[in-house]
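The values are calculated or read from the model by the stated rules, or taken from the named source; none is laboratory data. From a predicted model like this one, the values you see are computed outputs, not experimental measurements. Cβ atoms come from the backbone with ideal geometry, glycine included; neighbour counts cover every protein chain shown.
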Protein chains: 2
Amino acid sequence: MFGYSSQMQRQPFENARITLADVAREAGVSAITVSRALRQPDKVSPKVRDRILRVVSRLGYVPDAAASALASTRTNVVALLVPSLTNAVFSDLLRGVYDAVETTPLTVQIGNFRYSPSKEEALIRTFLHQRPAGVILSGVDQTDAARTMLEQARCPVVQTMDLSDRPIDRIIGFSQRDAGRCVAEHLIAAGYRRPGFIGARMDPRSHARLAGYRDALEAAGLLDRHRFVNTPQPSSVGLGGQLFTDLLAAAPDTDAVFCTNDDLAAGALFETQRRSIRVPDDMGICGFNDLEMSRHLVPPLTTVATPRYAIGRGAIALVVNAGDPQVDAAETDVRLNASLVPRGTTRTL
Amino acid sequence: MFGYSSQMQRQPFENARITLADVAREAGVSAITVSRALRQPDKVSPKVRDRILRVVSRLGYVPDAAASALASTRTNVVALLVPSLTNAVFSDLLRGVYDAVETTPLTVQIGNFRYSPSKEEALIRTFLHQRPAGVILSGVDQTDAARTMLEQARCPVVQTMDLSDRPIDRIIGFSQRDAGRCVAEHLIAAGYRRPGFIGARMDPRSHARLAGYRDALEAAGLLDRHRFVNTPQPSSVGLGGQLFTDLLAAAPDTDAVFCTNDDLAAGALFETQRRSIRVPDDMGICGFNDLEMSRHLVPPLTTVATPRYAIGRGAIALVVNAGDPQVDAAETDVRLNASLVPRGTTRTL
DNA sequence: CTGTTAGCGCGTTCAC
DNA sequence: GTGAACGCGCTAACAG
């Protein structure tokens, strides 16, 4: 089922693949010198290097990744593990990763573990067997078995999107907990006194945000467990409307809601329009992530801007500079900030 | 910069990598028999096969992709070329591709060509050199040089998202042109007489939709070149509001607008809210793609539902069954449908 | 700075 | 149905 019969194959792409040996012969050097000229140019004399590079481009030589991987026991593949491909958060992370990778010889392979820690573990095992150049993880909550494998990996491992007291190796993110706390403080400062929460398919980071949010409410004496609604269903705009409806059914006097992401918040906002609930006067809404759409909603959505794209870029930087002795001493624990952006769905202070 | 000094490496992941030879020894057969038991199970006697599989799982043997690729001159990598990672259209395609790939030994590598045909060509060249198991393209408008390379590729090549008279190899998509025509007909039937258009960073598929839309307007005698606005900037919700504003500035009596995607349409809709323009009575709005959010807008957005996810899945199916002689005769030119979904932003017929 | 030797782990080819 | 020999294209380790 997965092999190709020779009949189906069309013309060969090249009559004869051009190899290192071909380049070496043309340039009058040995194969290894060509290899070096390409990978460690400064270890080859400028004169020879130039000659080689000229031949390389004349012949259109392209190194064979498989052969290189086999010989060096190292690939140029970075494994990127994400819990979802739907979530806009991860498409921004992805974009950062791909943009950063363009200036490197690295290649990315995505694994989607669908919010399942055991599936994440399985993917890690598979990827690690291919001797990746690096592994980039979403979050800091891998299984113990996964941690053990990653700690023994012969490559940089980068956790992202949150902070951790005991990172596996390198890490870049922001405090999800502080972000949640920040939202509560904003709502309280804006005068809301009966704030609630809606969440969908909560991952560990959503839980961290929720914990921070609850903490701050509790400290202010405003915690009411009836105002917290969530569901295992995947997040969506439609679901936001539904959960908001559920919240109002459970606690009708709720006067503000923190939505664990902007999709839910948009759905909640649309629901207030349908019900003619006045935002921000009678209901405050705060989202999370600051998606592009959010600032254009009517009214524009108060939310928390998160550095997803920067995290993607930074994660690749952490993979790349892991090999650089000069940068190695540098920061491998990068702390970024998420910042609350007050807009029209919450009262101005 | 991209090598790793041995100092930085932590403990080895395995003390000794388990190879085919290890399994073979334990099972009392030769390496090639193990190889066959894994790849062509029916060519090995059930008894031996069972024994081998047991040893494989006991030892935790995982085949080395690089060695396999080198020996067979074939990888299990499918190259997926997309013009954007931001656009929700491609994240759905992606999701379909990744979901379908899970039941196969294939692996996906994404190339983002950022709407640049020459960059697409370069990526194709690079990928083809790695002997992929297949190539999946977005659209049908590759450069001539790219076509030539692809025609000579030793692997299935799948074009997607549109139809073509002369596909390179296999193709799965829907008629962008018909979809555009359909929108015009809907607006006309709904009684709009001064319909316009807004578009952003138009790719060949947007142009095809636009062409169909124009054709139908022209046939109805409703074509007015002043009502067509577009920009090379990347599409976004914010831009939708801006382009809609531009359109009204250029042709204030416009009474309906086809937006080349739902992001623009949402932005246009939000702008009508800010301006208190009555939708759908005084202004009809039609989007394209039917994103999840669209049906939840207020009012819900009339749009065209496109089978992006199905295309992703189908593209992988076309790669996979390229090797299957039984299915080979089957359809390699899959035509799906896009269908207009009338909702609250256009008048009911 | 450059070359020689050896082998990475597997699949192809052909023999049995 | 099973195996032996060979080589895929490249790089590590050493020698010079």
Task: Within the range B:95-121, tally of residues that are in a helix (DSSP H, G or I), away from chain A (no Cβ under 11 Å) and closer than 27 Å to A:Val62 by Cα - done: 4
Task: Residue in the range B:297-310 that is out of contact with any Leu (no Cβ under 9 Å at 6 or more places or on another chain) and either among the hydrophobic types (A, V, I, L, M, F, W, C) or under 18 Å from B:Asp178 (Cα atoms) (or both) present - done: no
Open item on the list: Given the condition among the aromatic types (Phe, Trp, Tyr) and farther than 25 Å from B:Asp290 by Cα, answer yes or no: does some residue in the range B:80-97 qualify?
Closed with: no
Open item on the list: Test of understanding: among B:Arg166, B:Arg114, B:Arg95, which residue is without any contact (Cβ under 8 Å) to a residue 40 or more places away in the chain, under 16 Å from the mean Cα position of the chain (by Cα) and surrounded by fewer than 21 Cβ atoms within 10 Å (Cβ to Cβ)?
Closed with: B:Arg114
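Let's see how each residue does on (1) farther than 24 Å from B:Thr245 by Cα; (2) of a type in the set (Ser, Thr, Tyr):
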site	(1), (2)
B:Arg166	yes, no
B:Gly173	yes, no
B:Tyr192	no, yes
B:Arg201	no, no
Open item on the list: Please go through (1) touching a residue at least 12 places away in the same chain (Cβ under 8 Å); (2) surrounded by fewer than 24 Cβ atoms within 10 Å (Cβ to Cβ); (3) among the acidic types (Asp, Glu) for B:Glu218 and return the number of the only condition it doesn't satisfy.
Closed with: (1)
TODO: Those residues that are within 11 Å of DNA strand D (Cβ to nearest atom) and either assigned to a loop (DSSP other than H, G, I, E, B) or at pLDDT below 90 (or both), I need them from the range A:1-35; list them, please.
DONE: A:Glu14, A:Ala16, A:Arg17, A:Ile18, A:Thr19, A:Ser30
Open item on the list: I need a count of the residues in the range B:313-343 that are over 23 Å from B:Leu94 (Cα atoms), of a type in the set (Gly, Ala, Ser) and modelled with pLDDT of 85 or more.
Closed with: 0
Open item on the list: I'm trying to understand the selection: among the residues of the range A:229-256, which are more than 14 Å from chain B (Cβ to nearest Cβ), under 27 Å from the mean Cα position of the chain (by Cα) and either hydrophobic (A, V, I, L, M, F, W, C) or crowded, with 17+ Cβ neighbours inside 10 Å (or both)?
Closed with: A:Val229, A:Asn230
Task: Meets criteria (small (Gly, Ala, Ser) and either surrounded by 19 or more Cβ atoms within 10 Å (Cβ to Cβ) or modelled with pLDDT under 95 (or both)) for B:Gly287 - done: yes
TODO: Would you mind stating whether A:Tyr192 is modelled with pLDDT of 95 or more, under 21 Å from A:Arg335 (Cα atoms), buried (at least 22 other Cβ atoms within 10 Å of the Cβ) and hydroxyl-bearing (Ser, Thr, Tyr)?
DONE: no
Task: Conditions (1) at the interface with chain B (Cβ under 10 Å from one of its Cβ atoms); (2) within 26 Å of B:Glu120 (Cα to Cα); number of the one not met by A:Leu70 - done: (2)
- [ ] Only residues that are in contact with a Lys or Arg (Cβ under 7 Å, 6 or more places away or on another chain) and either within 12 Å of chain B (Cβ to nearest Cβ) or modelled with pLDDT of 95 or more (or both): list them for the range A:38-67, please.
- [x] A:Pro41, A:Lys43
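Results for (1) in contact (Cβ under 8 Å) with a residue 12 or more places away in the chain; (2) touching a Cys at 6+ places or on another chain (Cβ under 9 Å); (3) part of a helix (DSSP H, G or I), shown as yes or no for each residue.
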residue: B:Glu271; (1), (2), (3): yes, no, yes
residue: B:Ile277; (1), (2), (3): no, no, no
residue: B:Ser294; (1), (2), (3): yes, no, yes
residue: B:Pro299; (1), (2), (3): yes, no, no
residue: B:Arg313; (1), (2), (3): yes, no, yes
residue: B:Ala317; (1), (2), (3): yes, no, yes
residue: B:Glu331; (1), (2), (3): no, no, no
residue: B:Leu340; (1), (2), (3): yes, yes, no
TODO: Among the residues of the range B:36-62, count how many are under 18 Å from A:Arg125 (Cα atoms) and within 10 Å of DNA strand C (Cβ to nearest atom).
DONE: 2
TODO: Determine the pairs where a residue that is touching a residue at least 12 places away in the same chain (Cβ under 8 Å), located within the range B:42-69, has a partner that is away from DNA strand D (no atom under 11 Å from the Cβ) and of a type in the set (Asp, Glu) with Cβ atoms under 6 Å apart, the partner being 6 or more residues away or on another chain.
DONE: B:Val55/B:Glu26
Open item on the list: Suppose we keep only residues that are more than 16 Å from DNA strand D (Cβ to nearest atom) and assigned to a helix (DSSP H, G or I) within the range B:36-85. Which one would you say is surrounded by the fewest Cβ atoms within 10 Å (Cβ to Cβ)?
Closed with: B:Ser57
TODO: Six or more apart or on different chains, Cβ under 9 Å: which pairs go from a residue in the range A:141-156 that's within 15 Å of A:Ala79 (Cβ to Cβ) and in contact (Cβ under 8 Å) with a residue 24 or more places away in the chain to one that's in a helix (DSSP H, G or I) and among the hydroxyl-bearing types (Ser, Thr, Tyr)? Could you list them?
DONE: none
- [ ] Could you please find all residues in the range B:140-158 being more than 16 Å from B:Leu81 (Cα to Cα) and basic (Lys, Arg)?
- [x] B:Arg154
Open item on the list: Which residue is nearest to the chain's Cα centre (by Cα), if the candidates are limited to the range A:283-317 and must be within 12 Å of chain B (Cβ to nearest Cβ) and closer than 20 Å to A:Ala133 by Cα?
Closed with: A:Gly312
Task: Filtered residue count, the range B:174-219, keeping only those that are at positive phi and either more than 20 Å from the chain's Cα centre (by Cα) or in a strand (DSSP E or B) (or both) - done: 1
Task: Residue selected from the range B:122-157 under the condition crowded, with 18+ Cβ neighbours inside 10 Å and more than 14 Å from chain A (Cβ to nearest Cβ), by the criterion nearest to the chain's Cα centre (by Cα) - done: B:Ser138
